[in-house]
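Working notes, structure below.
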Amino acid sequence: MFREWAGRSLQRRLLVSLLLGVGLSLAAFQIVVDRLVDRYIERSFSAQAGDVAQRDELMREVDIILLGGVVTVLSVCALATVVSVRSGLKPLERVASAAQEISIDQHARALPLGDVPAEIQPLGDRFNQLIERLTEALEHERRFGADLAHELRTPLAEIRTLGEAGLARQDVAGLHEFLRQMTAAAVGMQSVIESLLAVARADRATVEQALEPMSVGAAVRARIERLRITAPEDCSRIVARIPDGLWIQSDPRLFDAMLLNLLANAIQHGDAEAPIEIDWLQEGGGGASGALQVRNGAAQLTREDLPRLTDRFWRGAPGGRATPGLGLGLWVVGSLCRVLGLTLALDLDEIRRLSVRLAGFRAV
């Protein structure tokens, strides 16, 4: 029990070793001093009172013995300390060896902390937690890269096929149709890449320094006008109800990226006949903050699907209605909300209308 108590702590191990070394040294020194005193008493009774030479020799002997005792005590303590420290550092050497074996090509294992001293145990636990999080993040990114490559392979193959087929066409009308389809496929790929770049480049500290006053109504109108170029029929369903003169503190580039993904998600996955509504909701009584809400019909969704809507590449339950797009829209919005310090809320009402609300905008 005592050995286990002392062995779990490097500090206790050093303390016990020092006490043991000093105790043994002092015990040996005490035996020597006792014998010296006995010898001195015997000589004192047998020697003459004027024998100065014998007395000086005895005093020098006492000094040498005392000096030797001090050196012995220090040597034993130093040796005990070195041996104890080396023994205590052996578990750390095993931990270091295990850390060197961690590789990006292999699944990282937790560091062995079974016999690590108690003072270093919290640090080892934090390292194991960090290794676990990094392993999960690396695996997540690997899956993301594989899924993205798989998804982009389809439009790339489509563009190549359309290009090869268009080369064989002789009539201008047929060639124009092939070019239109190629352009649509390229626009879809471009939107995916731009959304991923917006998430990759968004840094919390940099974004907070780049916040500036911006007009919500002007930003919404500008985005709708740009959408009319690529999707004029779908834009006719968009109804924007943003108060005039509404200004917020935000990043215009990221705000536009979030709005674009919200509208693209509503167009691609929502009901084609239902309107797409954009509203501004005031939060609190003072109006110091507000929320942007985009609502569209989503008859194919259920409330059980809401937690999955922000997953990457999720486009509905297996066996459900096939929808276009890669399923990145709401994931991009959620990622940008975390960068901007906003709250993303999803809701599905009784008539199957999906509401996506971005809350936490600060009014100017």
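No lab work stands behind these numbers, since they all come straight from the coordinates. Because the structure is a prediction, the values reported are computed rather than measured. Positions of Cβ are generated from backbone atoms using ideal geometry, with glycine treated the same way; all protein chains shown enter the neighbour counts.
Using Cα pairs under 8 angstrom and six or more residues apart, how large is the relative contact order of the range 210-301, in percent?
After rounding, I find 30 percent.
Calculate the length of the line joining the C-alpha centroid of the range 111-135 to that of the range 214-256, in whole Å.
Value for the Cα centre distance between the two parts: 50 Å.
For the peptides 114-127, 159-172, what is the packing order when you average, over each peptide's residues, the other Cβ atoms within 10 Å and list the highest mean first?
Result, highest mean Cβ count within 10 Å first: 114-127, 159-172.
Quick check: pseudo-label points 7 Å beyond the Cα along Cα→Cβ at LEU167 and ASP311, how many nm apart are they?
It is 4.1 nm.
Can you figure out the FRET efficiency of ALA345 with ARG126, using R₀ = 35 Å and their beta-carbon distance, to the nearest 0.05? The partial results should precede the final answer.
On the way: r = 33 Å, r/R0 = 0.95.
Plugging the Cβ-Cβ distance into 1/(1 + (r/R0)^6) gives 0.60.
Run the quick spin-label model on VAL85 and ARG338: label points 7 Å from Cα toward the beta carbon, then report their separation in nm to one decimal.
Using points 7 Å along Cα→Cβ, the separation is 4.4 nm.
Could you calculate the FRET efficiency of GLU233 with GLU283 from 1/(1 + (r/R0)^6), where r is the beta carbon distance between them and R0 is 51 Å, rounded to 0.05? Before the final figure, lay out each step's value.
Working: r = 34 Å, r/R0 = 0.67.
Result of the calculation: an efficiency of 0.90.
If we sort 329-342, 254-267 on the protection proxy, mean other Cβ atoms within 10 Å, highest first, what's the order?
So the order, starting with the most tightly packed, is 254-267, 329-342.
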